[in-house]
Amino acid sequence: MVSYFLLGVTFAFAAAVQPGPLQAYLVAQTLANGWRRTILASFAPLLSDAPIIALVLLVLSQVPPAFARVLQLVGGAFLIYLAVEAFKTYRNYDTEKVLQPQPGQKTLFKAVFVNLLNPNPYLGWSLVMGPLLLKGWQEAPVYGCVLLASFYATLVLSLFGTIMLISLARNMGAKVNRLLIGGSAIALAGFGLYQLWSGVT
């Protein structure tokens with residue numbers, strides 16, 4: 001159970017601090033409208049991911065076990081790729097860059113729409129979280145529940161933290177965000193190696 005908890009926390013943290021459409025949206029809205037009007041948007045993945053998870057699990061439940069093992073290996077390679085990209089982002093991160101706020105009021109539902117158009121959840125659930133969730137559920141349903149709970153609790157809290165950091169101080173927030181991205185590169189590399197090892201063994 002502990003391993004599924006740690007896997008959920010690790011992947012969620014890495015997903016939350018990686019630059020992407022949802023993260024850019026949250027930063028822009030925090031700068032434009034303040035954290036109070038933006039904070040609810042940190043719950044967007046809870047709503048947007050539900051149809052993605054249902055679709056992925058429906059497909060994965062129909063494939064033979066050998067294909068699931070192939071997906072695990074592909075997922076491991078995908079995580080290593082993300083780790084390399086995260087390291088590049090960390091190395092080239094510009095803490096002095098000023099993000100331009102976007103005008104207009106944004107809501108939780110607009111954040112959900114942004115995330116639905118974001119390819120990252122589809123890739124993450126198809127290649128990493130989906131196979132892990134099925135594996136955990138087959139071992140014991142509680143393992144699958146622990147994986148889901150740890151993943152989304154960490155994801156929401158990390159997005160919440162990003163919003164608060166940006167709100168508190170632009171410069172300090174950017175520097176902390178750079179460190180978080182560096183940490184996510186390490187986490188993704190470790191998670192990717194674990195996936196590859198699991199797929200081989």
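The values are calculated or read from the model by the stated rules, or taken from the named source; none is laboratory data. In this text the structure is predicted, and so the values were computed from the model without any measurement. Glycine also receives a Cβ, built like all others from the backbone with ideal geometry; neighbour counts cover every protein chain displayed.
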- Please tell me if ARG69 is closer than 18 Å to LEU133 by Cα, assigned to a helix (DSSP H, G or I) and of a type in the set (Lys, Arg). yes
- Query: Any idea which of (1) more than 17 Å from GLY20 (Cα to Cα); (2) at pLDDT 75 or above; (3) of a type in the set (Val, Ile, Thr) is the one VAL156 doesn't satisfy?
  - Reply: (1)
- Query: When region 114-125 is examined, which residues are found to be assigned to a helix (DSSP H, G or I) and touching a residue at least 24 places away in the same chain (Cβ under 8 Å)?
  - Reply: VAL114, ASN115, LEU116, ASN120, PRO121, TYR122, LEU123, GLY124, TRP125
- Could you give me the residue pairs with C-beta distances under 6 Å whose first residue belongs to region 1-15 and is under 9 Å from LEU188 (Cβ atoms), whose second residue is among the small types (Gly, Ala, Ser) and modelled with pLDDT under 90 wherever it lies, and which are 6+ apart or on separate chains? THR10/ALA187; ALA14/SER184; ALA14/ALA187
- Hey, SER61 hits all of (1) under 23 Å from LEU108 (Cβ atoms); (2) of a type outside the set (A, V, I, L, M, F, W, C); (3) more than 15 Å from the chain's Cα centre (by Cα); (4) modelled with pLDDT under 85 but one; which does it fall short on? (1)
- Item | Residue check for TRP137: part of a helix (DSSP H, G or I), without any contact (Cβ under 8 Å) to a residue 40 or more places away in the chain and not aliphatic (A, V, I, L, M) | yes
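Kindly establish whether VAL128 is crowded, with 20+ Cβ neighbours inside 10 Å, of a type in the set (Val, Ile, Thr) and part of a helix (DSSP H, G or I).
Details: crowded, with 20+ Cβ neighbours inside 10 Å: yes; of a type in the set (Val, Ile, Thr): yes; part of a helix (DSSP H, G or I): yes.
For VAL128, the condition - crowded, with 20+ Cβ neighbours inside 10 Å, of a type in the set (Val, Ile, Thr) and part of a helix (DSSP H, G or I) - is met.
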- Message: For region 24-46: of the residues being buried (at least 20 other Cβ atoms within 10 Å of the Cβ) and polar (S, T, N, Q), which is nearest to PHE191 (Cα to Cα)?
- Response: SER42
- Those residues that are crowded, with 16+ Cβ neighbours inside 10 Å and of a type in the set (A, V, I, L, M), I need them from region 58-72; list them, please. LEU60, ALA68, LEU71
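Being of a type in the set (A, V, I, L, M) and over 19 Å from SER126 (Cα atoms) is the filter; apply it to region 74-93 and report the residue that is surrounded by the most Cβ atoms within 10 Å (Cβ to Cβ). Write out each step before concluding.
Step one: of region 74-93, the residues of a type in the set (A, V, I, L, M) are 74, 77, 79-80, 82-84, 86.
Imposing the further condition that a residue be over 19 Å from SER126 (Cα atoms) reduces the set to 84, 86.
Working: VAL84: 14, ALA86: 24.
My answer is ALA86.
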